[in-house]
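This report concerns only the one structure given below.
No lab work stands behind these numbers, since they all come straight from the coordinates. For clarity, every value in this text was computed on a predicted model and none was experimentally measured. Here the Cβ positions follow ideal geometry from the backbone for every residue, glycine too, while neighbour counts run over all protein chains shown.
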Amino acid sequence: MIDFRSDTVTRPTAEMREAMVSAEVGDDVYGDDPTVNSLQAFAADRLGFESALFTASGTQANLLAIMSHCGRGDEYLCGQSAHNYRYEGGGAAVLGSVQPQPIENEPDGSISLKKARAAIKADDIHFASTRLLSLENTIGGKVLSLDYQRQARAFCDDHNLLLHLDGARLFNAAVKSNCDVTEITQHYDSVSVCLSKGLGAPVGSLLLGSKAFIERATRLRKMVGGGMRQAGILAAAARIALEKGPQRLFEDHENAEYLSAGLAGIPQLEITPASTQTNIVYARCRFDRAAQLRDYLVEQNILITAGNPIRFVTHLDVNRQDVDRLLDAIRRFYLS
Ligand SMILES: *Cc1c(COP(=O)(O)O)cnc(C)c1O
């Protein structure tokens, strides 16, 4: 199967599996797992924070971030299409009693700081207290500019807000922005990063922030059942993902660009190739045959996510030849 549904489908490499077999482990709830501790120290240093926490998923990292920054009756500002608003089961509200205040994202994925300003609640007994702005980079495959992120930091300083980044695909953003990740992370109080997407780890994310923030997050992680015991087995693979994953992401971006150009040549699909910035490609089906296309592709051993738009994601386990096979199969579908 060639799987374009998501970059979460990547399988651990042989090197990762070997590292998992020989990982030194301990009980991480006691803070005794040397492989987890070493991953967290390495990650904190690499991303420019005091501390880091290894979590079961990106969803868990975002939940811990929002709950560590905000209390019951507080609110966080986020994009209407933010993952931590739309796709995380409303966790911050359900488990943290933290109200989201979504704001329509701009076409480039940013949140207008003017709209954010208007959404901040006055200090009044009627209102929730606005504590946090949460951004996402990349968002729908689009990259927030360094300049925008600098402005967002200044905005939060001016209005006494904390700033969180859902950086599930932070390294894709850094590759596209042609900068070190720290040029992005320096603007944030906290950042979450997925190791289990394009970086290739089988499981796990990281949450980064100050020492006090990570201490609060560690308590909350235990509370939501995320205290994993001999987690070094997972951290061993995660370490390789974090160290070696970033350097090959440009290939995923090149393959996505190549795929976009190919799809643009198929008249039944609607796509703006310039909107493909990293490893995610969206194409609209003119005659709404996305489900039929998906079923046809399954017969050719190719998997896609059939919404409208259709989403194609490039990653570690698809190469240029696989993209060509996908394009050929789509052309055949429209001929049949
Ligand atoms: C995938 C993703 C997450 C959540 O990660 P999981 O590990 O799947 O829980 C959070 N934010 C964004 C932007 C994502 O793409």
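In a reduced charge model with +1 at each Lys and Arg Cβ and -1 at each Asp and Glu Cβ, segment 204-305 shows a dipole moment near 840 debye about its Cα centre. A straight line joining the Cα centroids of segment 265-336 and segment 174-217 runs 30 Å. Rounded to the nearest 20 debye, the dipole magnitude of segment 248-335 is 260 debye, with +1 charges on Lys and Arg beta carbons, -1 on Asp and Glu beta carbons, and the Cα centre as origin.
Output the relative contact order of the chain, whole-number percent, from Cα pairs under 8 angstrom with separation of 6+ residues.
Reported as a whole number, the value is 25 percent.
Farthest towards the positive end of the charge dipole of segment 1-150, among the residues F42, L53, Q80, is the Cα of Q80, using unit charges on the Cβ of Lys, Arg, Asp and Glu. Of all lysines in the structure, the ones whose alpha carbon falls short of 20 Å from that of K197, not counting any fewer than 8 places away in one chain, are K142, K176, K244.
Among M67, M1, M16, rank each residue by its count of other Cβ atoms within 10 Å, from fewest to most, as a rough exposure measure. It would help to have the intermediate numbers written out before the result.
Numbers: M67 24, M1 9, M16 21.
Fewest-to-most ranking of M67, M1, M16: M1, M16, M67.
3J(HN,Hα) along segment 227-234: x, 9, 7, 7, 6, x, 4, 7 Hz, from the Karplus curve 6.51 cos²θ - 1.76 cosθ + 1.60 with θ = phi - 60°, whole Hz, x for Gly and Pro. Counting only DSSP beta bridges with both residues in the chain, tell me the antiparallel percent, nearest 5. Bridges in the chain that DSSP calls antiparallel: roughly 45 percent. What residue among G265, T278, F250 has its Cα farthest toward the positive end of the dipole of segment 248-335, where the charges are +1 on Lys, Arg and -1 on Asp, Glu, each on the Cβ? My answer, from the dipole projection, is G265. Between segment 97-118 and segment 1-79, the alpha-carbon centres lie 26 Å apart.
For segment 113-126, the Karplus equation 6.51 cos²θ - 1.76 cosθ + 1.60, evaluated at θ = phi - 60°, returns couplings of 6, 5, 5, 5, 4, 5, 8, 5, 7, 5, 6, 8, 4, 6 Hz by residue, with Gly and Pro reported as x.
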